[in-house]
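The values are calculated or read from the model by the stated rules, or taken from the named source; none is laboratory data. Note that the structure is a prediction, hence the values are computed from the model and not measured. Cβ placement follows ideal geometry from the backbone for every residue including glycine, while neighbour counts extend to all protein chains displayed.
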Amino acid sequence: MDNRFFERPILNTPYSYPLRHWELDDQGQPTQQIIENRRRAELCRVAEAHPWLRVYVKNHNIGLEVPYLYGSETRRYLPDFIVLVSDGNGEEYPLNLIVEIKG
C-alpha cells in the first residue's frame, strides 16, 4: 500500500502561500495524489450560498490584527477571513465578522 500521505502529510511551508494539497475522496480519505493548486476553503462554498452574504475576503496581507494579552505577554491574533453580512437590520447597517477556520 502506498503511504505517501502518511509519510509526508504537510506539503507546504507555513511561510508562503500554499501551492498544492493532497486529494481526498468523498469520505475524506487520502487518494495518495497531490493536486498542484490550493484546496478551496469549505467556508467559501458555505458563505457564497448564504443569502445574507454581501462580501468576504481572506485576511492575507490586509493587516487586520487583534491584539490581546496572554498572561503578561502581548500577542496578536490574525483572523482567517473578514465577512460582511446583512443581518436583517437594513443594507445601511451591515454586520462585519472576523472568521477563524481550524484545519
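Pick from the range 14-32 the residues that are more than 16 Å from the chain's Cα centre (by Cα) and surrounded by fewer than 12 Cβ atoms within 10 Å (Cβ to Cβ): which of them is modelled with the lowest pLDDT? Per the stated criteria, the residue is 28.
Hey, does the range 88-99 have a residue that's touching a residue at least 40 places away in the same chain (Cβ under 8 Å), surrounded by 11 or more Cβ atoms within 10 Å (Cβ to Cβ) and within 12 Å of the chain's Cα centre (by Cα)?
Among the residues of the range 88-99, at least one is touching a residue at least 40 places away in the same chain (Cβ under 8 Å), surrounded by 11 or more Cβ atoms within 10 Å (Cβ to Cβ) and within 12 Å of the chain's Cα centre (by Cα), which makes the answer yes.
When each of 64, 11, 78 is tested for being at pLDDT 80 or above, surrounded by 10 or more Cβ atoms within 10 Å (Cβ to Cβ), within 22 Å of residue 100 (Cα to Cα) and more than 16 Å from the chain's Cα centre (by Cα), the lone residue that passes is 11. Inclusion of residue 57 among residues that are within 16 Å of the chain's Cα centre (by Cα), at negative phi and touching a residue at least 24 places away in the same chain (Cβ under 8 Å) is warranted.
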